[in-house]
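So the structure is just underneath, and the comments pick up after that.
The values are calculated or read from the model by the stated rules, or taken from the named source; none is laboratory data. No experiment lies behind these values; they were computed from the predicted model shown. Here Cβ is always computed from backbone atoms with ideal geometry, including for glycine, and neighbour counts include all displayed protein chains.
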Amino acid sequence: MPSKDSPQHAIELSGVVKRFGSVTAVNGLDLAVPAGICLGLLGPNGAGKSTTMRMLTGQARPDAGEIRVLGYRVPAESKHARALMGVVPQLDNLDTELTARENLSVFARLYRIPRAGRRAAVDAALAVGQLTHRADTKVDELSGGMRRRLLIARGLVHRPRLVLLDEPTVGLDPQVRQELWGLIDQLRRSGTTVLMSTHYIEEAERLADAVAVVSAGRVIAQGTPAELLAGHAGRSAVEYNGTPDRLSEVERIAAAAGMPTRRTGPSVSVLRAEEMPPSVADALGPGTPRAANLEDVFVTLTGEFVA
Amino acid sequence: MSTQEPQTRLRFIEPQALAGVMVHDLAVFRRYWLSTTFSAVVEPTIYLLAFGFGFGSLVSVVGGYRYLDFLGTGVVGTAVLFTSAFAGMFQTFVRRTFQHTYDAVLSTPVDVHELVTGEALWIGVKAGVYGCAPLSVAVLFGLRPSPTVVLVPLVGFVTGLGFGLFGMWMSALVPNIDSFNYIISAVLTPLFLVAGTFFPLDTLPAWAHTASRLNPLYHCVELVRSAVFNRLGFDDLGHLAALMFFASAMWVGAVVFLRRKLID
């Protein structure tokens, strides 16, 4: 299928609404993803990230709003768009009875890679997934990390211009996550547009050029991680530990001084610490300074807590 | 935002999409062809042995045929029905709900109606091939087919298409895999018994005889007998039309109801 003239944005959603019965999963979502960047869709479970991903492939139909993917209207022209994009689902849907190579070969056909290039495309995808040595192993004999790499490789077999990664590292152990982050970073560097949903703050911070914070089915803030920090959490924070009474006292002092706070598990963080007057710092007593992070942004914006 | 028209108009059903779906089927089939082939050959052998020797010792000629010839051709319908309806029901259900294979396929340039068509074509081809197994067994029992027997795989294909799509449609209706029991007992078993496979239908009461015209398997069995014994006539065009109508109706049902399940 021929591609369109390079559109300004790889993905554009405007006013998108999706309801399931009485539940509104996506509620007027606006989002533009410039070509060539990795955009992290950050939000807790149930924020509407997966539904948004499914709408981009035409596997869910919006009740209202407009969607464009690589210049194509979706769902009307979604088949054209699907040919140019790769999808890595949250749920492992590899064919467990088939080998790694067979899984990739089937998708090379589904993505219509011409016969002459099919073998090379499958070999290249195996190499990207670091599975060349396990090419002929059946999927149910691969480890969890290998399966996830194969799932990613399957979405890349046709060298897509846009890749959708839905919670790429959810439920994996830290070492495997590091490995996958390397793989995703490589993809981003190659100039492929990546839309990655995640509820791991750290993942978004490490990999995303820009982050859209999603809550209750809409984008409530968007920008580079630095912009979001500057706009919503400041540069640094100070964490205070102690008894519940002590934490309440910290919150009271900070509130009186007009400083934002948030609970961070057993402690309280006072945000925008770089603007803290010395008198307030004295009143608060000893704390642990740290850099602000996207979690501070997220909690400040939504009042919700994510991993 | 300017509206761009698509540069290429796509065909309603693209051959490349069907090929992709069927290549997947072929890859998976390579893992289980032995067990499928085993039951495709052993089951009709058991029918022929049990009914042929058991029942055949009581009656030697049925409906103008030697009983073994009557049975050997009739069992083709049974084989076609079971390969296609079961694949349509169970395979489709498992791939949609447990393996989520269809979610993966639909994220590639394949639409639901193409997925359904590709899966059905594959089931039809398998039914056409495995429908011949009982005939080969019957030949060992003395069946002497005429050259028009080469049409039997075609009859099996069209019938298998219909029953495969029927099973796919049902797979979109049942809440869980156990519910297929209702369909097997209430729909498939009567169809399989009252298709003129084991006994001729003109022995039934008139109303049942008429009702059997609505059984697609009856049309399949009639066509198979005509092909095997070179008695093809005008009636057979009617049988073929009935099977094609059945397949078309089931296609619409399967596409509409699977789309509801697969596209949110």
(message) Return the residues of segment A:120-143 that are surrounded by fewer than 16 Cβ atoms within 10 Å (Cβ to Cβ), in a helix (DSSP H, G or I) and within 14 Å of another protein chain (Cβ to nearest Cβ); say none if nothing qualifies.
(response) A:Asp140, A:Glu141
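Just to be sure before I move on: is A:Val268 outside any strand (DSSP E or B) and in contact with a Leu (Cβ under 7 Å, 6 or more places away or on another chain) in the structure I sent?
Details: outside any strand (DSSP E or B): no; in contact with a Leu (Cβ under 7 Å, 6 or more places away or on another chain): yes.
Here the answer is no, as A:Val268 does not meet what is asked.
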(request) Considering each residue of segment A:243-297, count those that are at pLDDT 85 or above, hydroxyl-bearing (Ser, Thr, Tyr) and under 30 Å from A:Arg206 (Cα atoms), and give that number. (result) 4
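Table: residues versus (1) among the polar types (S, T, N, Q); (2) under 25 Å from A:His9 (Cα atoms); (3) free of Cβ contacts under 8 Å to residues at least 24 places away in the same chain.
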residue	(1), (2), (3)
A:Leu98	no, no, no
A:Asp123	no, no, yes
A:Ala127	no, no, yes
A:Lys138	no, no, no
A:Ser143	yes, no, yes
A:Pro168	no, yes, no
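Here are some residues: B:Thr83, B:Thr101, B:Thr37, B:Thr108. Which one is surrounded by 15 or more Cβ atoms within 10 Å (Cβ to Cβ) and under 19 Å from the mean Cα position of the chain (by Cα)? Even if it seems obvious, please write down each step before you answer.
Working: B:Thr101 fails: under 19 Å from the mean Cα position of the chain (by Cα); B:Thr37 fails: surrounded by 15 or more Cβ atoms within 10 Å (Cβ to Cβ); B:Thr108 fails: under 19 Å from the mean Cα position of the chain (by Cα).
Exactly one of B:Thr83, B:Thr101, B:Thr37, B:Thr108 is surrounded by 15 or more Cβ atoms within 10 Å (Cβ to Cβ) and under 19 Å from the mean Cα position of the chain (by Cα), namely B:Thr83.
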(request) Report whether or not A:Val238 is assigned by TED's automatic domain parsing to the domain that holds A:Thr24, on the phi < 0 side of the Ramachandran plot and of a type in the set (Val, Ile, Thr). (result) no
(message) Among (1) free of Cβ contacts under 8 Å to residues at least 12 places away in the same chain; (2) under 19 Å from A:Gly43 (Cβ atoms); (3) among the acidic types (Asp, Glu), there is one condition A:Glu295 misses while meeting the rest; what is its number?
(response) (1)
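Count, please, the residues in segment A:161-192 that happen to be within 25 Å of A:Leu70 (Cβ to Cβ) and not hydrophobic (A, V, I, L, M, F, W, C).
So the first thing to find is which residues in segment A:161-192 are within 25 Å of A:Leu70 (Cβ to Cβ), and the list is A:161-168, A:180, A:183-192.
From what is left, the residues that are not hydrophobic (A, V, I, L, M, F, W, C) are A:161, A:166-168, A:185-186, A:188-192.
Qualifying residue count, segment A:161-192: 11.
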(request) Inspect segment A:254-262 for any residue being under 30 Å from A:Val214 (Cβ atoms) and assigned to a strand (DSSP E or B) and give the result as yes or no. (result) yes
(request) Within segment A:171-226, count every residue that is at positive phi and in a loop (DSSP other than H, G, I, E, B). (result) 4
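Rundown of residues vs (1) without any contact (Cβ under 8 Å) to a residue 24 or more places away in the chain; (2) not hydroxyl-bearing (Ser, Thr, Tyr), yes/no style:
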| residue | (1), (2) |
| --- | --- |
| A:Ala10 | no, yes |
| A:Val33 | no, yes |
| A:Gly40 | no, yes |
| A:Ala64 | no, yes |
| A:Tyr72 | no, no |
| A:Ala76 | yes, yes |
| A:Leu91 | yes, yes |
(request) Please find, within segment A:49-97, the residue that is surrounded by the fewest Cβ atoms within 10 Å (Cβ to Cβ) out of those that are more than 12 Å from every other protein chain (Cβ to nearest Cβ) and not hydrophobic (A, V, I, L, M, F, W, C). (result) A:Gly65
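Could you check segment B:123-134 and list, in sequence order, the residues that are crowded, with 24+ Cβ neighbours inside 10 Å and not β-branched (Val, Ile, Thr)?
As a first pass, look at segment B:123-134 and keep what is crowded, with 24+ Cβ neighbours inside 10 Å: B:123-124, B:127, B:130-131, B:134.
The answer is B:Gly124, B:Ala127, B:Tyr130, B:Gly131, B:Pro134.
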(message) touching a helix residue (DSSP H, G or I) at 6+ places or on another chain (Cβ under 8 Å), more than 15 Å from B:Ala138 (Cβ to Cβ) and assigned to a helix (DSSP H, G or I): is that true of B:Ala79 in this structure?
(response) no
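Go through segment B:95-128 and report how many residues are within 7 Å of chain A (Cβ to nearest Cβ) and assigned to a helix (DSSP H, G or I).
Let us first name the residues in segment B:95-128 that are within 7 Å of chain A (Cβ to nearest Cβ), namely B:99-101, B:103-111.
Adding the requirement that they be assigned to a helix (DSSP H, G or I) leaves B:101, B:103-106.
Qualifying residue count for the region: 5.
Would you kindly identify the helices (runs of 4 or more DSSP H) lying entirely within segment B:189-252 that contain at least 3 residues that are modelled with pLDDT of 90 or more? Spell out how you get there, then give the answer.
Working: elements: B:189-193, B:206-211, B:216-228.
Where helices (runs of 4 or more DSSP H) fall fully within segment B:189-252 and carry at least 3 residues being modelled with pLDDT of 90 or more, they are B:216-228.
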